[in-house]
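Shown next, in structure tokens, is the structure this report addresses.
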Amino acid sequence: MTEPITANALELHHLSVAYRVGGRNRAVLRDLSLTIRPGEAYGLVGESGCGKSTVALSVVRYLPRNGVITAGEISLAGENVMKLDNESLRRMRAERVSMVYQDPGKALNPSIRIGRQLTEIFELRGISGQGAIDQAIAMLNRVRISDPVRVMQRYPHQLSGGMQQRVGIAMALANDPTMLILDEPTTGLDATVEAEVLDLIAKLRQELSASILFISHNLAVVSRMCDRVGVLYAGMLVEEGTTEEVFNNPRHPYTVALLRCLPRGGQRKDQIRLDTIPGFLPAPGAKITGCPFADRCALADSRCHNELPPLHDLGDRLSRCHYHERAQDLPRTTPGNIAAAAVVTAREPVLRIESLNKTYAAHGQALRAVNDVSLDLMPGQTLGLVGESGSGKTTFARLLLGLVPADEGGTMRLDGKPLAPKLESRSADQVKAMQIVFQNPDSALNRSHSIRHIMGRALRTLAGLKGAAQQKRLVELVRSVRLTERHLSVKPRQLSGGLKQRVAIARAFAGDPRIVVCDEPTSALDVSVQAAILNLLADLQTKEHVSYIFISHDLAVVRYLSDQIAVLYLGRIMEIGPSERVFSGPHHPYTEALLSAVPKLDEAEQSRVRLDGEIPSAVNPPSGCVFHTRCPRKIGAICEEQEPPLFDSEPEHKIRCHIPFEELARLQKKQEVVTA
Amino acid sequence: MTATDIKQPDLPASASRRSPAMEVVAALGRSGSFLPGLVIVLFWVACALFGEYFTPHDPLADDIINALMPPSADNWFGTDQLGRDVFSRVIVGSRDILTVAPLATLLATIAGTTLGLFTGYFRGLVDDVISRILEAFMAIPVVIVALLAIVALGTSKTTVIIVIGLSFAPIIARTVRSAVLSERELDYVAAAQLRRESALHTMFVEILPNVIPPILVETTVRLGYAIFAVATLSFMGFGIQPPSPDWGLSISSNYGMIGGGFWWTVLFDALAIASLVIGVNLVADGVQVALND
């Protein structure tokens with residue numbers, strides 16, 4: 001055995017893994033080699049289905065029962081993991097490797113108190129009783145949990161997602177591992193919480209000697225956290241290098257395309273369509289003769305289709321492309337810039353909402369999910385709704401649609417005519433005029449019906465079309481979302497996530513709606529698919545002159561599509577205004593924190609405005625300004641005592657804050673200077 | 001340069017090319033219990049349909065002289081108190097039970113599914129009222145219901161079907177209700193509301209196809225219980241009437257003679273009932289595993 005001090009933390013040599021499905025081995029990882037040096041943070045990126053999690057599971061030999069390592073070697077700190085017997089494998093997992101999982105709510109045992117789950121780890125190492133408790137408290141302190149003794153008494157469900165993930169990290173660090181595997185550790189978390197957890201991991205890296213394997217689909221997160229990255233495609237490493245090199249100067253068309261899919265640098269729908277990656281990832285087990293990406297690559301020629309490119313060594317970096325030096329010449333799949341749409345000067349709003357409220361009864365207490373929301377939606381424009389989960393975005397959307405009746409008192413007007421709170425009391429035209437694209441197409445499309453049935457039914461009920469007229473319109477509609485007639489006969493499960501979402505969009509447009517609510521329509525999709533869906537929504541808006549209410553936690557996405565932005569916190573509008581003003585600032589301290597929480601690819605180091613803790617409960621919201629408990633710019637007692645009004649700071653730009661607009665401008669400008 | 005002609009595949013290769021129905025059939029084939037169960041059930045179905053053509057004796061022919069003969073080369077399972085061949089009677093004895101039990105189960109499934117859809121879809125007051133009534137109904141033993149029904153309707157196969165069907169309906173309704181409750185939360189139901197679909201359309205066209213798997217499982221499980229219930233009612237004299245060679249009935253008319261050592265008049269009928277119930281339960285097991293995968 002080699003000396004552990006000099007050995008690499010992790011080495012994969014020509015690793016191939018397959019899953020046995022239906023009696024056949026389907027290759028998931030193909031000839032994967034990578035090395036993680038001691039103390040290094042290595043990021044593994046790629047779209048869903050490319051084998052990222054399989055890598056993590058292989059390292060600890062924890063593949064599902066139908067998973068087999070068909071070839072290759074894994075060595076952890078110089079020790080061949082493949083050769084370990086059960087006992088040494090168990091010891092390796094207990095002592096040297098730790099994993100943090102995507103969903104902390106599922107990774108923690110729901111029926112055991114946090115304290116017990118933590119002390120158990122120390123007991124395995126022979127520390128028991130008070131010693132284990134002290135160690136557990138020390139661990140929780142280390143992950144910056146402020147009241148560890150109380151947290152130890154809690155059950156997992158009593159903690160918020162961010163706290164749960166901290167506990168997950170504490171448990172992973174408890175055995176002082178040499179290798180820490182983080183599998184999408186922040187994917188399910190809000191941007192503000194994600195930022196905190198990433199900050200924590202970054203700080204812990206300086207304290208610990210552990211090497212890190214960081215798996216994520218989020219390029220920006222990886223770029224912030226890792227020294228080197230590997231890009232995985234169809235189970236193959238297609239590019240590897242230092243984070244900076246790979247993201248700023250990619251040498252594989254897939255990396256190039258992936259980076260172009262993201263809305264960046266304030267791109268907007270009236271300037272540019274996002275680039276997309278046509279086609280689909282090869283299915284697991286598919287036979288790949290040439291370059292795995294060739295079918296989707298505009299640079300590919302016959303050599304690419306027939307000959308698997310080797311991993312070219314480009315000095316400190318690798319690229320699996322025959323034409324790596326030309327990778328960045330990859331042509332765009334969409335027009336780079338578009339003719340600016342004729343600016344329609346604001347007429348009457350299509351939707352006017354005044355002091356809308358929604359109160360739920362929660363355990364005998366009133367829960368104000370939406371509190372005194374007033375806004376206008378202009379025809380053909382997009383209103384973006386942003387805020388953390390629990391801020392009332394989705395409830396607000398459901399109130400508009402009438403799926404949930406709003407409280408008495410507020411008014412909604414569609415084209416000047418009053419809109420009843422209850423769906424049943426609305427006229428057929430009013431119901432038709434407002435449709436929704438849901439977040440999860442698996443839930444939104446009936447899995448028992450064919451696409452033809454789903455769309456036909458929508459055309460019949462929303463557009464009143466039957467027979468031949470229905471079929472004609474059906475084909476038009478399907479084409480307008482860039483599906484083909486061949487897709488009509490299949491059921492939703494036979495389509496990929498992006499195609500399903502197109503069907504859902506087509507369905508929403510069946511009755512020529514005036515307003516379409518888009519509730520996180522791309523958050524379940526990969527970035528390349530997300531880009532295509534955003535393009536489609538932008539195109540449909542120009543063509544159909546429809547208004548969107550666009551809900552998303554991804555600020556870059558909201559920025560791309562929105563004309564107006566409303567920032568919600570605990571059911572209240574904290575800031576509302578034209579998209580560019582809200583983004584460029586000066587903005588509400590909450591907006592400022594949201595913006596600063598998002599990891600960005602374009603900025604190396606960001607100004608840090610971090611929020612403490614979690615969004616308070618809407619059952620018992622803080623007095624005064626509801627944001628004062630977390631506000632980094634709180635000015636004093638006034639914030640705790642008086643709720644600030646939504647104040648017109650600039651024309652059309654309203655901010656709910658006691659700090660005067662000019663002062664906010666000064667504060668936020670100073671911040672930029674400091675960090676510059 | 002924007003015209004990049006990259007062929008867009010029409011459909012992504014999905015994880016499985018087989019339809020869900022084919023997946024289930026394949027899973028049924030793999031399950032260890034489904035096929036043996038099916039063989040047993042099909043054996044009795046074949047006996048019910050064609051048994052009369054290969055019984056060695058007429059199952060209904062009396063032969064008092066040869067009454068209560070022990071099993072022999074001529075009468076494999078012996079003869080009963082009227083001298084009828086027990087083997088022949090067991091073979092065709094499945095006929096009534098295999099019509100009554102499935103029909104009762106079908107009735108229970110239809111009634112239970114409808115009730116389950118209504119309670120699960122409307123929730124609130126509708127659910128509270130119907131569910132409480134069903135619970136009250138479930139609290140009454142089947143035998144009491146049967147007695148009341150016989151007083152009201154007289155003894156007949158129809159009565160047995162109605163009694164068993166209605167007693168099992170609440171159980172199926174409960175299963176369907178819980179499936180509908182979770183299905184109802186899915187967005188396609190909201191989408192249907194935003195198209196102003198009627199409640200009936202939403203329940204029967206949108207939701208029902210998605211709750212078929214639990215209904216199928218519950219139905220096959222109930223079928224086993226229904227066979228048992230039919231046999232019990234026949235044994236008690238409330239069900240199938242003489243001179244049918246029905247198993248439960250035969251046991252009922254012969255069990256008094258076990259004390260006299262004439263065990264063969266009862267044992268083979270009892271084994272027949274047991275094998276059919278076991279067969280159906282094995283099938284139910286297989287269906288459950290296949291559909292819950």
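The values are calculated or read from the model by the stated rules, or taken from the named source; none is laboratory data. Only a predicted model underlies this, so the values are computations on that prediction, with no experimental measurement involved. Every residue, glycine as well, gets a Cβ built from its backbone with ideal geometry; the counts of neighbours run over all protein chains shown.
Of all residues assigned to segment B:253-270, at least one qualifies as being among the β-branched types (Val, Ile, Thr), free of Cβ contacts under 8 Å to residues at least 12 places away in the same chain and assigned to a helix (DSSP H, G or I).
Restricting attention to segment A:448-460, does a residue exist that is surrounded by fewer than 22 Cβ atoms within 10 Å (Cβ to Cβ), outside any helix (DSSP H, G or I) and within 10 Å of chain B (Cβ to nearest Cβ)? Yes: segment A:448-460 contains one or more residues that are surrounded by fewer than 22 Cβ atoms within 10 Å (Cβ to Cβ), outside any helix (DSSP H, G or I) and within 10 Å of chain B (Cβ to nearest Cβ). For segment B:227-259, a residue qualifies if it is of a type in the set (A, V, I, L, M, F, W, C) and buried (at least 24 other Cβ atoms within 10 Å of the Cβ), and the qualifying residues are B:227, B:229, B:230, B:231, B:233, B:240, B:247, B:249.
Just one of the listed residues (A:289, A:243) is among the hydroxyl-bearing types (Ser, Thr, Tyr), more than 25 Å from residue A:335 (Cβ to Cβ) and in contact with a Gly (Cβ under 8 Å, 6 or more places away or on another chain), and it is A:243. Filtered by the rule that a residue be within 14 Å of chain B (Cβ to nearest Cβ) and at negative phi, segment A:400-413 gives A:400, A:401, A:403, A:404, A:405.
Conditions (1) loosely packed, with under 15 Cβ neighbours inside 10 Å; (2) of a type in the set (A, V, I, L, M), marked per residue:
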{"position": "B:91", "(1), (2)": "no, yes"}
{"position": "B:102", "(1), (2)": "no, no"}
{"position": "B:114", "(1), (2)": "no, no"}
{"position": "B:148", "(1), (2)": "yes, yes"}
{"position": "B:151", "(1), (2)": "yes, yes"}
{"position": "B:182", "(1), (2)": "yes, no"}
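Residues in segment A:90-115 that are without any contact (Cβ under 8 Å) to a residue 40 or more places away in the chain and crowded, with 16+ Cβ neighbours inside 10 Å: 3 in all.
Residue count for segment A:5-27 under the criterion of being within 12 Å of another protein chain (Cβ to nearest Cβ) and surrounded by 18 or more Cβ atoms within 10 Å (Cβ to Cβ): the result is 1. Just one residue in the set A:202, A:170 is hydrophobic (A, V, I, L, M, F, W, C), assigned to a helix (DSSP H, G or I) and at pLDDT below 90; that residue is A:202.
Can we say residue B:207 is surrounded by 15 or more Cβ atoms within 10 Å (Cβ to Cβ), among the hydrophobic types (A, V, I, L, M, F, W, C), farther than 29 Å from residue B:37 by Cβ and within 14 Å of chain A (Cβ to nearest Cβ)? Spelling it out, residue B:207 is indeed surrounded by 15 or more Cβ atoms within 10 Å (Cβ to Cβ), among the hydrophobic types (A, V, I, L, M, F, W, C), farther than 29 Å from residue B:37 by Cβ and within 14 Å of chain A (Cβ to nearest Cβ). Residues in segment A:474-485 that are part of a helix (DSSP H, G or I) and away from every other protein chain (no Cβ under 11 Å): A:474, A:475, A:476, A:477, A:478, A:479, A:480.
Across segment A:33-51, the qualifying residues are those that are modelled with pLDDT of 90 or more and buried (at least 22 other Cβ atoms within 10 Å of the Cβ), and the one among them that is farthest from the other protein chains (Cβ to nearest Cβ) is A:41. The strands (runs of 3 or more DSSP E) falling completely within segment A:547-617 that include 1 or more residues that are of a type in the set (D, E, K, R) map to A:572-578. Checking the stated criteria, residue B:178 turns out to be touching a residue at least 24 places away in the same chain (Cβ under 8 Å), under 28 Å from residue A:422 (Cβ atoms), out of contact with any strand residue (DSSP E or B) (no Cβ under 8 Å at 6 or more places or on another chain) and in a helix (DSSP H, G or I). When A:239, A:207 are checked against the criterion of being in contact with a helix residue (DSSP H, G or I) (Cβ under 8 Å, 6 or more places away or on another chain) and either surrounded by 18 or more Cβ atoms within 10 Å (Cβ to Cβ) or free of Cβ contacts under 8 Å to residues at least 40 places away in the same chain (or both), A:239 stands alone in meeting it.
Only a single item in (1) closer than 26 Å to residue B:209 by Cβ; (2) modelled with pLDDT under 80; (3) exposed (fewer than 15 other Cβ atoms within 10 Å of the Cβ) is not met by residue B:12, and it is number (3). Checking A:494, A:471 one by one, the residue that is of a type in the set (S, T, N, Q) and away from every other protein chain (no Cβ under 14 Å) is A:471 and no other. Filtered by the rule that a residue be surrounded by 24 or more Cβ atoms within 10 Å (Cβ to Cβ) and either in a helix (DSSP H, G or I) or under 18 Å from the mean Cα position of the chain (by Cα) (or both), segment A:242-260 gives A:246, A:253, A:254, A:255, A:257, A:258. Residues that are in a helix (DSSP H, G or I), within 11 Å of chain B (Cβ to nearest Cβ) and not aliphatic (A, V, I, L, M) within segment A:419-428 comprise just one, A:424.
In the set A:488, A:499, which member is over 25 Å from residue A:274 (Cα atoms), assigned to a helix (DSSP H, G or I), of a type in the set (A, V, I, L, M, F, W, C) and within 13 Å of chain B (Cβ to nearest Cβ)? The match here is A:488.
Taken together, A:528, A:584, A:562 contain a single residue that is more than 19 Å from the chain's Cα centre (by Cα) and of a type in the set (S, T, N, Q), which is A:584.
For segment A:388-418, filtering for residues that are within 15 Å of residue A:373 (Cα to Cα), among the hydroxyl-bearing types (Ser, Thr, Tyr) and either in contact with a Leu (Cβ under 8 Å, 6 or more places away or on another chain) or not in a helix (DSSP H, G or I) (or both) leaves 2.
Residue A:287 meets the conditions (1) more than 29 Å from residue A:598 (Cα to Cα); (2) within 14 Å of another protein chain (Cβ to nearest Cβ); (3) basic (Lys, Arg); (4) in a helix (DSSP H, G or I) in every case but one. The failed one is (4). Can you pull out every residue in segment A:283-298 that is buried (at least 20 other Cβ atoms within 10 Å of the Cβ) and either modelled with pLDDT under 85 or among the aliphatic types (A, V, I, L, M) (or both)? Within segment A:283-298, A:284, A:294 meet the criteria. Taking segment A:429-447, which residues are more than 7 Å from chain B (Cβ to nearest Cβ), in contact with a Leu (Cβ under 8 Å, 6 or more places away or on another chain), closer than 21 Å to residue A:474 by Cα and surrounded by fewer than 24 Cβ atoms within 10 Å (Cβ to Cβ)? The answer is A:432, A:433.
Residues that are farther than 18 Å from residue A:593 by Cα and acidic (Asp, Glu) within segment A:634-665 comprise A:640, A:641, A:643, A:648, A:650, A:652, A:662, listed in sequence order. Among the residues of segment A:46-85, those that are small (Gly, Ala, Ser) and farther than 13 Å from residue A:17 by Cα comprise A:46, A:48, A:49, A:75, A:77, A:78. Counting only helices (runs of 4 or more DSSP H) that sit wholly inside segment B:18-99, those with at least 2 residues that are under 30 Å from residue B:165 (Cα atoms) and at pLDDT 90 or above are B:34-54.
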